[in-house]
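Inspection log for the structure reproduced underneath, given as structure tokens.
Taken together, the values in this text are just the output of simple stated rules run on the coordinates, not laboratory data. These figures come from a predicted structure and were not determined experimentally. Cβ sites come from the backbone with ideal geometry, for glycine too, and all protein chains shown count toward neighbours.
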């Protein structure tokens, strides 16, 4: 494996390629409509990063940068199916940390453990092995139907710890930006906030 090359490269054509892969690798309820992606990519702080090994596209990362909080929100990270289990996911996270080393860290939504799906355990172990810290927050991912209970992790880039008040601020910013198409997003944030009282 060569050193990964990362290119910030949003275009309608690249999004189409990524969108098809998103639908094959993520739960349908976790994938945004194409129209929502089009709106999001008009925002300079929402970025599509394509990852290459040499000239081969091996995966992609979609992030939202909260400038005010100096934090990143990982919206999607995926290694293309042909390149699974080759260490690319780890390389992608390490490259992301290096690219954005001026930020304090990154927030990551991770599916909860499900005995019917061993991959949920593998994903948790993957993020924890990279130094991600599970936050003590009853996190809910906004979906069109309602919300999906998930773990929320923090990957430190320069600051080891994150205060809950700052985490809540970033959740609110990410929800109101990334999930602006969800009509009940404010109610979901209120539930998250109230669970900490």
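For 165, 95, what ranking results if the residue with the fewest other Cβ atoms within 10 Å of its Cβ goes first?
165, 95
If you take every DSSP beta bridge fully contained in the chain, what fraction is antiparallel? Give it as a percent rounded to 5. Walk me through the intermediate numbers first.
Numbers: 34 of 38 bridges.
Close to 90 percent.
If I take R0 = 41 Å and measure r between the Cβ atoms of residue 26 and residue 102 in this structure, what FRET efficiency does the formula 1/(1 + (r/R0)^6) give, to the nearest 0.05?
Details: r = 29 Å, r/R0 = 0.70.
Here the calculated transfer efficiency is 0.90.
In which sequence would 154, 10 go, from the one with the fewest C-beta neighbours within 10 Å to the one with the most?
With the sparsest Cβ surroundings first, the list reads 10, 154.
Mind checking the angle between helix 118-129 and the chain's longest principal axis? C-alpha axes, 0 to 90 degrees, to the nearest 10.
90
How far, in degrees from 0 to 90, does helix 185-194 lean away from the longest principal axis of the Cα atoms of the chain, to the nearest 10?
60
Calculate, for residue 146 and residue 5, the FRET efficiency according to 1/(1 + (r/R0)^6) with r their C-beta to C-beta distance and R0 41 Å; round to the nearest 0.05.
The pair residue 146/residue 5 has a calculated efficiency of 0.55.
To the nearest 500 deg cm²/dmol, what mean residue ellipticity at 222 nm is calculated for the chain from DSSP H runs of n ≥ 4 alone, each contributing -39,500 (n - 2.57), summed and divided by the residues?
Rounded to the nearest 500, the figure is -11000 deg cm²/dmol.
With each label point set 7 Å from Cα along the Cα-Cβ vector, what nm distance links residue 43 and residue 118?
3.8
I'd like the FRET efficiency for residue 184 and residue 94, computed as 1/(1 + (r/R0)^6) with the beta carbon distance as r and R0 of 41 Å, rounded to 0.05.
Working: r = 36 Å, r/R0 = 0.88.
Efficiency, rounded to the nearest 0.05: 0.70.
Evaluate the distance, in nm, between pseudo-label points positioned 7 Å from the Cα of residue 130 and of residue 17 along their respective Cα→Cβ axes.
Inter-label distance under the simple model: 2.1 nm.
Looking at the chain as a GNM with Cα springs under 10 Å, which of 36, 163, 25 has the largest mean-square fluctuation?
In this elastic network of the chain, the residue with the biggest mean-square fluctuation among 36, 163, 25 is 163.
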